[in-house]
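Encoded as structure tokens, the structure appears first; notes follow it.
The values are calculated or read from the model by the stated rules, or taken from the named source; none is laboratory data. Everything numeric in this text was worked out from a predicted model, so none of it was measured. Positions of Cβ are generated from backbone atoms using ideal geometry, with glycine treated the same way; all protein chains shown enter the neighbour counts. In case anyone asks, the SASA skips ligands and DNA or RNA and just uses the protein heavy atoms, side chains included. Shrake-Rupley method; radii C 1.70, N 1.55, O 1.52, S 1.80 Å.
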Amino acid sequence: MANNEDLFKQIISHAKEYGYIFPSSEIYDGLSAVYDYGQYGVELKNNIKQYWWKAMVQFHENIVGIDSAIFMHPTIWKASGHVDAFNDPLIDNKDSKKRYRADVLIEDHIQKIEDKINKEVEKAKKRFENFDEAMYRTTNARVMGYQQQIDDITARYADLMTRNDLAGLKALIEELGICCPISGTKNWTDVRQFNLMFSTQMGSVAEGADTIYLRPETAQGIFVNFLNVQKTGRMKIPFGIAQIGKAFRNEIVARQFIFRMREFEQMEMQFFVRPGEELKWFDYWKKERIAWHQSLGIAPENYRFHDHEKLAHYANAATDIEFKFPFGFKELEGIHSRTNYDLSRHEEFSGKKLRYFDPETNESYVPYVIETSIGVDRMFLAVFSDAYCEEKLEDGTVRVVLRLPAKLAPIKVAVLPLVKKDGMPEKAEELMQQLQPHFMCQCDMKDAIGRRYRRQDAIGTPFCVTIDSQTMEDDTVTIRERDTMQQYRVNINELVPALLQKLAK
Ligand code: ATP
């Protein structure tokens with residue numbers, strides 16, 4: 001197997017070659033960090049969204065969904081803190097003219113030291129039998145030295161970020177000797193703040209028109225509708241409001257394919273609880289969300305929690321669910337205990353009460369909130385990169401197969417008549433009509449059957465149904481399973497229940 005960087009490149013080109021993801025505006029040379037989903041990509045994306053919606057809304061009687069507008073009153077973003085504080089520290093290299101996030105430069109530097117530790121550990125693992133990693137990390141002088149460096153940099157960096165000390169960040173970058181990867185020089189500009197919100201004008205006349213923003217998160221649409229939903233839905237605390245929708249961020253460094261985009265989609269849920277009960281619910285949602293991820297059958301070791309040590313001023317607990325992407329463990333989902341910050345701020349800025357009268361305690365209060373927030377596109381990348389597999393077969397050839405969870409696969413069943421004659425195409429058409437009400441399916445008649453199997457493997461179709469001469473005699477077909485390549489015959493009448501049963505697993 002190729003190294004991780006090569007593997008990631010192969011995943012990106014596979015996504016394009018098989019109609020999953022195209023660079024946006026490609027015939028005009030693309031638009032940075034913006035992507036379009038193709039014919040299979042849109043199916044996988046929709047299936048991910050449905051899978052989330054079902055788990056969050058359909059399976060929780062006390063959670064309902066909404067679909068709020070992307071454009072919102074500009075004061076919302078003042079109240080939420082985004083106008084003043086949704087910034088990243090920006091730095092340019094004067095020689096290459098390339099722009100970087102100062103915090104990311106420092107984090108990458110820390111990662112490089114971490115890589116050195118991992119290399120030492122790997123070497124030692126090969127050298128010593130009964131290797132005890134924990135012991136090695138606390139006794140080997142070189143590893144301890146690296147760890148000390150990481151701890152020192154991390155502590156200084158966290159302090160500078162908390163104090164918003166931009167000059168200090170620049171000084172740290174210089175002190176660590178961080179070079180621009182393009183020019184190789186340390187010729188840096190000062191660090192300055194860069195607001196990530198896209199803005200535009202509302203109204204036909206630019207002068208006097210109000211500046212409005214493309215929402216950088218879907219959550220605020222939920223907060224400002226909190227009372228509408230609570231009252232009209234007669235919701236009782238604890239209850240949640242879920243939403244799936246587009247969000248926009250003018251990311252300074254947008255790389256790693258669909259991991260960091262300027263236009264992306266979020267699946268967010270805000271859960272409103274009684275003050276004082278938020279940490280209990282925070283734990284509840286941590287467990288629920290990791291169970292959701294693991295229900296897809298992806299290896300559990302690909303997920304880990306990363307609890308935030310440094311909390312945003314409005315949060316009293318926060319964790320990320322990180323996923324092992326081809327470029328390492330990175331945030332896939334955030335779970336935050338946001339206290340009553342957002343609703344209180346909206347009360348303050350709108351002058352409207354956003355309170356809940358609790359019939360059980362006879363009190364009126366601003367509820368506390370637990371948020372779960374996951375990017376659809378990041379989830380797509382997690383599922384897609386985990387599914388991509390190059391498998392060496394016994395005959396020496398390599399099979400490229402997308403082992404997507406069957407529930408999420410864009411096409412569930414491919415109908416393949418062995419030849420394009422002897423009544424088989426007509427039989428295939430008949431079968432398609434039987435299958436279409438139940439599954440997304442596809443009929444493929446072109447090329448030899450082996451090539452067609454490979455094409456479906458590369459798309460990730462879990463089941464191929466083959467029509468051959470025996471079908472014409474006894475109405476049986478062959479089911480071929482993507483992962484095992486096993487084949488077995490079933491009667492056409494039993495096909496739909498058999499496939500439904502397999503997909504329900
Ligand atoms: P990061 O630290 O990676 O920038 P974040 O902490 O800013 O992410 P949140 O504001 O917590 O992210 O957003 C919630 C989720 O939305 C993230 O866990 C991620 O899945 C998704 N997300 C955020 N920014 C982007 C982006 N630019 N492109 C794609 N998905 C994103």
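Can you compute the charge dipole magnitude of region 161-280 about its Cα centre, using +1 on each Lys and Arg Cβ and -1 on each Asp and Glu Cβ, nothing else charged? Give it in debye, rounded to the nearest 20.
Dipole magnitude for region 161-280 comes out near 420 debye.
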Projected onto the charge dipole of region 411-503 (unit charges on the beta-carbon of Lys, Arg, Asp and Glu, signs +1, +1, -1, -1), the Cα from Thr466, Met424, Ile449 with the largest positive-side position is that of Ile449
Rounded to the nearest 10 Å², the accessible area of Lys324 using a 1.4 Å probe with every protein chain kept is 110
Taking a ≥ b ≥ c as the square roots of the Cα gyration tensor eigenvalues, with a/c under 1.5 meaning rounded and otherwise prolate when a/b beats b/c or oblate if not, region 411-503 comes out rounded
For Ala414, the net charge from surrounding residues (Cβ-Cβ under 11 Å; K, R +1; D, E -1) works out to +3
For the chain, longest principal axis from Cα atoms; helix 449-459 axis from its Cα atoms; angle between them, nearest 10 degrees, is 20
To the nearest Å², the heavy-atom accessible area per residue of region 87-195 with 1.4 Å probe amounts to 61
Once Arg452, Arg99, Arg127 are ranked on solvent-accessible area with the largest value leading and a 1.4 Å probe, the list reads Arg127, Arg99, Arg452
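If you place +1 on the Cβ of every Lys and Arg and -1 on the Cβ of every Asp and Glu, how big does the dipole about the Cα centre of region 9-76 come out, in debye to the nearest 20? Working shown, then result.
Values: 5 positive and 7 negative charges, 37 e Å.
Taking the Cα centre of region 9-76 as origin, the dipole is about 180 debye.
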Excluding residues fewer than 8 positions from Lys123 in its own chain, the aspartates and glutamates with Cα under 16 Å of it are Glu114, Asp115, Asp132, Glu133
Taking Cα atoms only, helix 424-435 is inclined relative to the longest principal axis of the chain by an angle, in degrees rounded to 10, of 40
In order over region 179-195: 3J(HN,Hα) from phi, Karplus 6.51/-1.76/1.60, θ = phi - 60°, whole Hz, x for each Gly or Pro, gives 9, 6, x, 8, 8, x, 9, 10, 8, 9, 7, 5, 8, 9, 7, 9, 7
Cα-Cα longer than 25 Å, checked against Lys287/Lys330; Lys16/Lys421; Lys287/Lys505; Lys54/Lys236, kept in input order, equals Lys16/Lys421
Share of accessible surface on carbon and sulfur in region 48-124, whole %, 1.4 Å probe and ligands ignored, is 51
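Go ahead and estimate [θ] at 222 nm for the chain from helices alone: -39,500 (n - 2.57) per DSSP H run with n ≥ 4, summed, over the residue count, rounded to 500.
-12000 deg cm²/dmol
From the Cα gyration tensor of region 363-437, with a ≥ b ≥ c the square roots of its eigenvalues, which class applies: rounded if a/c is under 1.5, or else prolate if a/b is larger than b/c, or else oblate?
Judged from the Cα gyration tensor, region 363-437 comes out oblate (a/c at least 1.5, b/c at or above a/b).
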SASA check, Thr154, accessible area w/ 1.4 Å probe, all protein chains in place, rounded to nearest 10 Å², comes out at 60
Rounded to the nearest 10, the angle in degrees between the Cα long axis of helix 166-175 and the longest principal axis of the Cα atoms of the chain comes to 70
Within the chain, the percent of DSSP beta bridges that are antiparallel, given to the nearest 5, stands at 85
For Gln193, the residues 5 or more places away or on another chain with a placed amide H closer than 5 Å to its own amide H are Leu90
Counting only residues 5 or more apart in sequence or on a different chain, those whose built amide H sits under 5 Å from that of Phe239 are Phe272
Row for region 179-286, column shape: gyration tensor on C-alpha, a ≥ b ≥ c, rounded if a/c < 1.5 i.e. under 1.5, prolate if a/b over b/c, else oblate; value oblate
On each of the three principal axes the extent of the alpha-carbon atoms of the chain, given in whole Å and largest first, is 78, 65, 56
In terms of the charge dipole of region 87-195, which places +1 on Lys and Arg and -1 on Asp and Glu at the beta carbon, the residue among Gly168, Thr189, Gln148 farthest towards the positive end is Thr189
Given unit charges at Cβ for Lys, Arg (+) and Asp, Glu (-), the dipole magnitude of the chain about its Cα centre in debye, nearest 20, is 160
Expressed in square angstrom to the nearest 10, the accessible area of Lys287 with a 1.4 Å probe stands at 140
